[in-house]
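Below is one structure; the comments refer to it alone.
We did not get these values from a lab; they are worked out from the coordinates using the rules stated. Quick caveat: nothing in here was measured; it's all calculated off a predicted structure. Every residue, glycine as well, gets a Cβ built from its backbone with ideal geometry; the counts of neighbours run over all protein chains shown.
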Number of protein chains: 2
Amino acid sequence: MTKILGRITLPSEDNFYEETKECMARLGADAIRDSDGTKLPDNIKDLDAKIYTTYFVAREHNEFAKANLDEVQQFYLLSEYTTALKDYVEIPFMKGYFKEQIQPDYRHDPKKWWEVINRTTDEIVDPKDWELNQEKDVVIIRNAKAYHQYTVTFLADALWDPTSMYNHITNDWGDREHQIPFNAIKPNSSEFMEDELKRWLKDNPKTDIVRFTTFFYHFTLVFNEEGKEKYVDWFGYSASVSPEILDAFEKEKGYRLRPEDIVDQGYYNSTYRVPSKEYLDYIDFLQIFVTQKAKRLVDLVHESGKEAVMFLGDNWIGTEPYGKHFKDIGLDGVVGSVGDGVTLRLISDIEGVDFTEGRFLPYFFPDTFYEGNDPTIESRQNWITARRAILRKPVNRIGYGGYLSLAYKFSNFMDFISDVADEFRTILEKIENTKPYASAKVAILNCWGKLRSWQPYIVAHGKWYKLSYSYMGMMEALSGMDMDVSFINFDDVKNGIPKDIDVIINAGDAYTAFSGGKYFADPEIVSELRRFVYEGGGLIGIGEPSAYQYNGHYFQLHDVFGVDREIGFSQSTNKYHNTELTKHFIIEDYHGMYSFGENIGNIYAISENTQILEYSDHEIHMAVNEYGEGRAFYMTGLPYSTANTRVLKRAIHWVAHKEEELHKYFADDLNVEVAAYPEIKEYAIVNNSDIEVEAKVFDGKGEEFTVILEPAEIRWISEE
Amino acid sequence: MTKILGRITLPSEDNFYEETKECMARLGADAIRDSDGTKLPDNIKDLDAKIYTTYFVAREHNEFAKANLDEVQQFYLLSEYTTALKDYVEIPFMKGYFKEQIQPDYRHDPKKWWEVINRTTDEIVDPKDWELNQEKDVVIIRNAKAYHQYTVTFLADALWDPTSMYNHITNDWGDREHQIPFNAIKPNSSEFMEDELKRWLKDNPKTDIVRFTTFFYHFTLVFNEEGKEKYVDWFGYSASVSPEILDAFEKEKGYRLRPEDIVDQGYYNSTYRVPSKEYLDYIDFLQIFVTQKAKRLVDLVHESGKEAVMFLGDNWIGTEPYGKHFKDIGLDGVVGSVGDGVTLRLISDIEGVDFTEGRFLPYFFPDTFYEGNDPTIESRQNWITARRAILRKPVNRIGYGGYLSLAYKFSNFMDFISDVADEFRTILEKIENTKPYASAKVAILNCWGKLRSWQPYIVAHGKWYKLSYSYMGMMEALSGMDMDVSFINFDDVKNGIPKDIDVIINAGDAYTAFSGGKYFADPEIVSELRRFVYEGGGLIGIGEPSAYQYNGHYFQLHDVFGVDREIGFSQSTNKYHNTELTKHFIIEDYHGMYSFGENIGNIYAISENTQILEYSDHEIHMAVNEYGEGRAFYMTGLPYSTANTRVLKRAIHWVAHKEEELHKYFADDLNVEVAAYPEIKEYAIVNNSDIEVEAKVFDGKGEEFTVILEPAEIRWISEE
């Protein structure tokens, strides 16, 4: 059989020509890229491969930046909460910030652009009552109230690109010059960005694909006095503000944003915050600005006969790929880092580009590729988790990054990723243009909806957080489950839940954007959700779904879920309904200990109709309820595991009244899943584990047979 | 040595004359009482003892009650939350209620006195849009909104006294007549109550002490359709309402209460709710009414030459003994049930009466006194816990209840309670009129303050609740600790924290009356608390102290405690401060596992100044902070244990800057405490355990010596 080639990007570097050719052949790679710290030499650029070259739009041009210091990027930042001890208080507002990154902007009149707030009364302090000591970076407030807390919101210059800075500090680059980020909204910078790209395109004829890393504004990443990360929000728009943007915003939207709309009490509009109207307006405004500017750069790339791809990260603010303006940029592709199934789908579901590419782990860096370590272990885990998601919606390419010379020394690893490449191409060949079988259509409901598809619960990209893993498990389970998944927000609910949705999931901590907070006090929203379930829809709640203390209840959909959370007020009401069911469709495959993640305490059944699937420590952790023609399932948390993945799949089937379709493209063993493609009459039986598994498999007609799968095996079966 | 006698009340019964005399001699008892289900015969009433006779004011007179059914006691009750499925919905508002207890009041115009509420929009439904089917007890709402929830608040008659009902159902009294409670505000009932008491006083010349059980209104206790407890709130005023009371309230206070002010979304103003102004006004109004009425009855008792005591429970609503009107009743004494140290102090701290009496456990009932069981075990536990509290503030008498004939069969038990009686009298003789040594003055801050001294966290009296034990442990620890304890509310804080307070404790779940909820958005309150600590005061927080999501923080006193709780919004802010101290004054005696009770998750340090005493599972459970001249201690929960008691004592010393006074009247062993009485120059070394203990003891000068104490021993030492 002829080996299919392509769809693979490898990094390369100087003095590695022959080995690069060898690796390309081994993996069937058709593209070569540079990486942080590496440059491709000409002989490699001449290989029979597409050449990706990283391009930085808003940094790496310090000569320009230093000549235009009034055009650096800016932040609105908040001082520490400072308590007045008498009628006079000084706030050294730079305390906690890294002076090599942040410098107060004294060019724009602080009395106009800054805000001093009494945080105890929530009142703005009259600018007449404060003054500024620019030598000491201190605000002095007079007529203060003793024991009230005050803050200063100040406009600041960003003197160092945060990613560049992170690499600089981490790799101890010493006195290497700091890369200064300049601002696309300013006249010289705007002009320079285009001129410089034109020049660069001319100077780099051998580049096939310009890999924008990325465009204009970095996600919020601020460092503390010790140069350590102080604040990180992968979605944060804080580093995009400037007087010019705010003026333009006012002109466009008809009202002015306050500095407080940006600093948001110090939460900086974290993606966990229920977004304000002002912040949503700002996001929309900035997206339009960024996509229009980015389009001009992409057009230049196209005019030079090259392709343009965007790295999904770093300076990606304003480009959100599920936003309504993204497609206007006209990009050819998007590349992003893949850590698991969720991050794979986060890339592969993007529409409006010709291709998506996942950069797999591990990165070819010395932290993994050192003697005595086996990088294959991480790589295999990465592949198994990503493969589940690829089988639902593939990226069109995969790639790696870092030093190829390092990976090259690990021959077993190179063999393994060669197998991955083959397996990936086999999958693509079969399913790239077909629709996978789905048991049900599931919509995840939160404040962000489609805009942040596959992005809920992320703080810093790829990191574990105590308040997210119990929900992220649900996302990870869904990323490779035989379900069509969409993301909706509360406006979508108000406009009428789309008819084709079988199941809605609402999951998150109370009052966060993921649970929904105040939206559950909106009669239209709760009514529409009740109607949806009552008429036969399915509802799944995880954590504190619909939580908003209002009108006698904490879970506003308590009647639908059949459960509520006791937060103290209704302890006087006796709660008798705590009989645990020993059997239920949803928990049939669940043997042994449950894992619910971070505990949401004191869940109780509101009536005897609620069926309790798990009750311990005087509280419910899993329950189901029938509501009219519809059904609901509740669980306190769903960290990722094969057992929880199965519970979620069964729960979706149950609430969607599709119990009878469970044993269709299904395997009994928790490690095994079946991905089917009716249009091509094939299905894949997939072992998601590192052990050999004997499983009972059910085909599309529900007919049963037994297979023995090798560790991590994917076996294709034809239905013809 | 002559045996001191008295201060002990025993129950007795018919046909038990000689044995009663014997028991009285054995215990040195000086009073005999009747109990539920027993009556004292004349020969016993002639013994040389004070005779207590139980008297029911508002029940046990069914002939009158049945002739005056329009004067029964009443409730405002709430129907179930009922969802409209179209523009018409029926609410069978009696669903869930026990028809033998509750009957809708159709005498008073429902259109005037009831309230139908759209709970989805929080709007009152126009009475024109609903009608009533009295045959079916159903409200029919027209022009309803589909998928909105509706409730009916209805005025109902109480046809059965709840305590009597509980006894009736529990003891299976079959067709014994139900006792109907009648209402002191109605004209005939009011007159009858006085006339009947006059008659009864005449008819019961041998009664020395009238034991009111109790006055007019029972705490809220409502039963469900199966006759099981549905709603219980030991503080609940719900059973005191009536059209007459509400009219009188309007006349006095100048505004009218809504039914919603009573049913409170179905929470019925539980003691855990931050009380509304309306509810506080109602409490005050009812207390004045009850105390004035009760005074007339007590006056009659006094006129007949007898004494009047009140049982603290059952129909005690409106008499709250720490309220400002209680003393107006003119009672001679208060009797209450003692389950532990807290319930002992709840009685013994009452002012304005000549004596307090604790009814100890176990009750002489067959559930404890059966062959093969040793009632001494419960009795000893009861005594040890109560004794700690007695040593701080003694009740003046103790007693028992139930069937003396049952207890009499358990000779070891009778010996044990004889010893208790002796020990109690010895304590009284020494300390009844002296002030115990206190290491510090501690004030517990919550919404109820002095009014509910020693009563925080109680739902039903004497029962364990999942949401209370982590705080109740703090109360129990304090009940016997060498501290002066007072209870203050937020008005007390606004009026200026009393100068003599060393330490303030704020403990409870967020948004409950015990934590304080919205009061922490009041600038005056947070400023005054900050000032108090900054100038040297001590602050202790347990659970979610000062919690109120507002202006960028969850714990409003985050700066004072040095910790806050992450509820999702500030996950983007890195939290580096998690280094646990291995040594600190507060945890010096703490060896082995900590116990924090119900977990308050995700507590973090707000700065590097916070000192962390316990950090696990990525969160803090115990921390201290210095704030100006003052100090704060935080702990997630403090269930009762000797180890936690010690932590609390040490924490109080530390925040009060009294570390050096710890080793004064102190024992190193956790089981041993020292209670000192400087005025009489004596102190008691007390073994609170059931085992022999060797302890190092420090006297008032800090001089150290070793003692070996028998199980439960109390040893008095003279300092002269």
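Average projected area of the Cα convex hull of the range B:323-453, in nm²?
On the way: hull surface 38.1 nm².
Mean shadow area of the hull around the Cα atoms is 9.5 nm².
Could you give log10 I(q)/I(0) at q = 0.22 Å⁻¹ for the range A:460-508, computed by the Debye formula over C-alpha point scatterers of equal weight, without solvent?
Here the Debye-derived log intensity ratios amount to -0.94.
Considering only B:Ala547, B:Ala308, B:Val485, whose Cα is most displaced toward the positive end of the charge dipole of chain B, charges sitting on Cβ of Lys, Arg (+1) and Asp, Glu (-1)?
B:Ala547
What ranking do B:Thr220, A:Thr121 get, fewest neighbouring Cβ atoms within 10 angstrom at the top?
Numbers: B:Thr220 22, A:Thr121 16.
If I rank by nearby Cβ atoms, fewest first, I get A:Thr121, B:Thr220.
Please list log₁₀ I(q)/I(0) at q = 0.13, 0.17, 0.18 Å⁻¹ for the range A:254-360, using the Debye equation with identical point scatterers on the alpha-carbon positions.
Taking Cα atoms of the range A:254-360 as identical point scatterers yields -0.57, -0.88, -0.95.
If the reach is capped at under 12 angstrom between alpha carbons, list the aspartates and glutamates near A:Lys112, excluding any in the same chain fewer than eight residues apart.
The reachable aspartates and glutamates, counting only those whose Cα sits under 12 Å from A:Lys112, are A:Asp126.
Rounded to the nearest whole Å³, what is the per residue volume of the convex hull around the Cα atoms of the range A:432-518? If you can, show how the numbers build up before the last one.
Numbers: hull volume 9.9 nm³, N = 87.
It comes to 114 Å³ per residue, whole-number rounded.
Compute the Rg to Rh ratio over the range B:85-141 from the alpha carbon atoms, using the Kirkwood formula for Rh, and round to two decimal places. Show your work: numbers first, answer last.
Working: Rg = 11.9 Å, Rh = 12.4 Å.
Looking at the range B:85-141, the ratio lands at 0.96.
Taking one equal scatterer on every alpha-carbon of the range A:139-196, how large is log10 of I(q)/I(0) by Debye at q = 0.13, 0.14, 0.15, 0.26 1/Å?
Here log10 of I(q) over I(0) equals -0.63, -0.67, -0.71, -1.06.
Pick out, from A:Thr434, A:Asn43, A:Ser238, the residue whose Cα sits farthest towards the positive end of the charge dipole of chain A, with +1 on the Cβ of Lys and Arg and -1 on the Cβ of Asp and Glu.
Value computed over the given set: A:Ser238.
Considering the range A:492-551, what Rg and Dmax in Å follow from its alpha-carbon atoms?
11.1, 32
Would you please put A:382-391, A:489-498 in order of how densely packed they are, using the mean number of other Cβ atoms within 10 angstrom per residue and starting with the highest?
Values: A:382-391: 23.8, A:489-498: 16.3.
Highest mean packing first, the order is A:382-391, A:489-498.
Could you bin all the Cα-Cα distances of the range A:191-277 into 10 Å bins starting at 0 and give me the percent of pairs in each, rounded to whole numbers?
Percent of Cα pairs in each bin: 13, 32, 28, 21, 6.
How big is D for the range A:560-643, in µm² s⁻¹ as a whole number, if Stokes-Einstein is applied with the Kirkwood radius of its Cα pairs at 10 °C and 1.306 mPa s?
So the translational diffusion coefficient is about 118 µm²/s.
Tell me the trypsin sites (Lys or Arg not before Pro) within the range B:68-170 that lie in a loop according to DSSP and have at most 14 other beta-carbon atoms within 10 Å.
Values: sites: B:Lys86, B:Lys95, B:Lys99, B:Arg107, B:Lys111, B:Lys112, B:Arg119, B:Lys128, B:Lys136, B:Arg142, B:Lys145; in loops: B:Lys86, B:Lys95, B:Lys99, B:Arg107, B:Arg119, B:Lys136, B:Lys145.
Of the trypsin sites (Lys or Arg not before Pro), the ones in loops of the range B:68-170 whose Cβ has at most 14 other Cβ atoms within 10 Å are B:Lys86, B:Lys95, B:Lys99, B:Arg107, B:Lys136.
Report the chymotrypsin sites (Phe, Trp or Tyr not before Pro) located in the range B:128-236 that are in a DSSP loop and have at most 15 other Cβ atoms inside 10 Å of their Cβ, or state none. Please report the intermediate quantities before stating the final value.
Details: sites: B:Trp130, B:Tyr147, B:Tyr150, B:Phe154, B:Trp160, B:Tyr166, B:Trp173, B:Phe182, B:Phe192, B:Trp200, B:Phe212, B:Phe215, B:Phe216, B:Tyr217, B:Phe219, B:Phe223, B:Tyr231, B:Trp234, B:Phe235; in loops: B:Tyr147, B:Trp160, B:Trp173, B:Phe215, B:Phe216, B:Phe219, B:Trp234, B:Phe235.
Filter output for the range B:128-236: B:Trp173.
As a quick test, which of the pairs B:Lys66/B:Lys295; A:Lys441/A:Lys649; B:Lys186/B:Lys306; A:Lys435/A:Lys681; A:Lys230/A:Lys463 have an alpha carbon distance above 19 angstrom in this structure?
Values: B:Lys66/B:Lys295 26 Å; A:Lys441/A:Lys649 12 Å; B:Lys186/B:Lys306 27 Å; A:Lys435/A:Lys681 11 Å; A:Lys230/A:Lys463 15 Å.
Too far apart for the 19 Å limit: B:Lys66/B:Lys295; B:Lys186/B:Lys306.
Just to verify a number: FRET efficiency for A:Lys575 and A:Lys136, C-beta to C-beta distance, R0 = 56 Å, to 0.05? Please report the intermediate quantities before stating the final value.
Working: r = 59 Å, r/R0 = 1.05.
So the FRET efficiency works out to roughly 0.40.
May I have the convex hull volume per residue, in Å³, for the Cα set of the range A:121-246? Write down the numbers at each step before the final one.
Values: hull volume 23.7 nm³, N = 126.
Normalising the Cα hull of the range A:121-246 by residue number yields 188 Å³.
Under the 0.36 nm per residue contour assumption, what length would be gained going from the current alpha-carbon distance of A:Lys658 and A:Glu423 to full extension?
Working: separation 235, 0.36 × 235 = 84.60 nm, distance 3.21 nm.
This chain segment gains 81.4 nm when fully extended.
May I ask you to order B:293-300, A:707-714 by the average number of other C-beta atoms within 10 Å around their residues, highest value first?
Working: B:293-300: 19.8, A:707-714: 16.4.
Going by the mean number of other Cβ atoms within 10 Å, highest first, we get B:293-300, A:707-714.
Computed over the Cα atoms, what is the radius of gyration of chain A divided by 2.2 N^0.38 Å, N being its residue count?
Numbers: Rg = 27.2 Å, N = 720, 2.2 N^0.38 = 26.8 Å.
Compared with the compact-globule rule of thumb, chain A sits at 1.01.
Take every residue in peptide B:571-582, count the Cβ atoms of other chains within 10 Å of its Cβ, and give the average of those counts.
Numbers: counts 14, 23, 11, 9, 0, 5, 0, 0, 0, 0, 0, 0.
Mean inter-chain Cβ contacts per residue within 10 Å come to 5.
What percent antiparallel are the DSSP beta bridges of chain A, to the nearest 5?
Working: 66 of 116 bridges.
Taking every DSSP beta bridge within chain A, about 55 percent pair in antiparallel fashion.
Please give the charge dipole size of the range B:341-436, origin at the Cα centre, charges +1 on K and R Cβ atoms and -1 on D and E Cβ atoms. Round to the nearest 20 debye. Write out the running numbers ahead of the final one.
Details: 12 positive and 14 negative charges, 75 e Å.
About 360 debye.
In debye to the nearest 20, how big a dipole does the protein assembly as shown give about its Cα centre with +1 on each Lys and Arg Cβ and -1 on each Asp and Glu Cβ? Mind showing how you got there, number by number?
Values: 154 positive and 240 negative charges, 402 e Å.
So the magnitude is around 1940 debye.
Only helical DSSP H runs with n ≥ 4 go in: add -39500 (n - 2.57) per run for chain B, normalise by residue count and round the 222 nm mean residue ellipticity to 500 deg cm²/dmol.
That calculation yields -8000 deg cm²/dmol at 222 nm.
So, in Å, what gap is there between the alpha-carbon centers of the range A:134-163 and the range B:588-644?
Their Cα centres are 32 Å away from one another.
Mind listing which chymotrypsin sites (Phe, Trp or Tyr not before Pro) in the range A:271-339 are in a DSSP loop and have 12 or fewer other Cβ atoms within 10 Å? List each step's numbers first, then the result.
On the way: sites: A:Tyr272, A:Tyr279, A:Tyr282, A:Phe285, A:Phe289, A:Phe311, A:Trp316, A:Tyr322, A:Phe326; in loops: A:Tyr272, A:Tyr322.
For chymotrypsin sites (Phe, Trp or Tyr not before Pro) across the range A:271-339 that sit outside H, G, I, E and B with at most 12 neighbouring Cβ atoms in 10 Å, the list is empty.
How would you rank B:Phe424, B:Phe633, A:Phe56, going from fewest to most other Cβ atoms within 10 Å of each one's own Cβ? Write down the numbers at each step before the final one.
Details: B:Phe424 24, B:Phe633 28, A:Phe56 19.
In order of increasing Cβ crowding within 10 Å: A:Phe56, B:Phe424, B:Phe633.
Over the range B:507-648, what is the percentage of antiparallel beta bridges among all DSSP beta bridges, to the nearest 5? Please list the in-between numbers first.
Working: 16 of 24 bridges.
Antiparallel bridges make up about 65 percent of those DSSP assigns within the range B:507-648.
About its Cα centre, what dipole magnitude does the range A:72-137 give when the only charges are +1 on Lys and Arg Cβ and -1 on Asp and Glu Cβ, stated in debye to the nearest 20?
Values: 9 positive and 14 negative charges, 30 e Å.
The dipole magnitude comes to about 140 debye.
Arranged by the count of other C-beta atoms within 10 angstrom, fewest first, what order do B:Arg7, A:Arg256 take?
Working: B:Arg7 24, A:Arg256 12.
Fewest to most other Cβ atoms nearby, the residues stand as A:Arg256, B:Arg7.
Take peptide B:563-570, look around each residue's Cβ out to 10 angstrom, count Cβ atoms belonging to other protein chains, and average those counts.
Working: counts 0, 0, 0, 4, 6, 18, 15, 8.
Other-chain Cβ atoms within 10 Å of each residue's Cβ, averaged: 6.
I need the fraction of alpha carbon pairs in the range B:10-62 separated by more than 13 Å, rounded to a whole percent.
Numbers: 770 of 1378 pairs.
In whole percent, the long-distance tail amounts to 56.
Excluding same-chain residues fewer than 8 positions from B:Lys45, which aspartates and glutamates have a Cα within less than 16 Å of its Cα?
B:Lys45 reaches B:Glu13, B:Asp14, B:Glu18, B:Glu19, B:Glu22, B:Asp30, B:Asp34, B:Asp203, B:Asp208, B:Glu307.
Which of B:Leu404, A:Phe326, A:Tyr55 sits farthest toward the positive end of the charge dipole of the protein assembly as shown, with +1 on the Cβ of Lys and Arg and -1 on the Cβ of Asp and Glu?
A:Phe326
Could you please tell me the mean projected area of the C-alpha convex hull for the range A:95-194, averaged over all directions and given in square nanometres to one decimal? Mind dumping the intermediate values first?
Details: hull surface 36.2 nm².
One quarter of the hull surface, i.e. the mean projection, equals 9.0 nm².
Taking the alpha-carbon set of the range A:564-720, what are its Rg and Dmax in Å?
Rg then Dmax for the range A:564-720, in Å: 18.6, 64.
Per residue of A:141-148, what is the mean number of Cβ atoms on other protein chains within 10 angstrom of that residue's Cβ? Mind showing how you got there, number by number?
Numbers: counts 0, 0, 0, 0, 3, 5, 13, 4.
Shielding by partners across A:141-148 averages 3.
Just to check, using Stokes-Einstein with a Kirkwood Rh over alpha carbon pairs, what's the diffusion coefficient of the protein assembly as shown at 4 °C and 1.567 mPa s in µm²/s?
36 µm²/s
Once Rh for the range B:419-468 is found with the Kirkwood sum over Cα pairs, what is the Stokes-Einstein diffusion coefficient at 25 °C and 0.890 mPa s, in µm²/s? Don't skip to the answer; put the middle values down first.
Numbers: Rh = 14.5 Å.
For the chosen part, D equals 169 µm²/s.
Which whole-number value in Å³ per residue fits the convex hull of the alpha carbons of the range B:595-687? Can you show the working numbers first?
Details: hull volume 10.7 nm³, N = 93.
Cα convex hull per residue, to the nearest whole number: 116 Å³.
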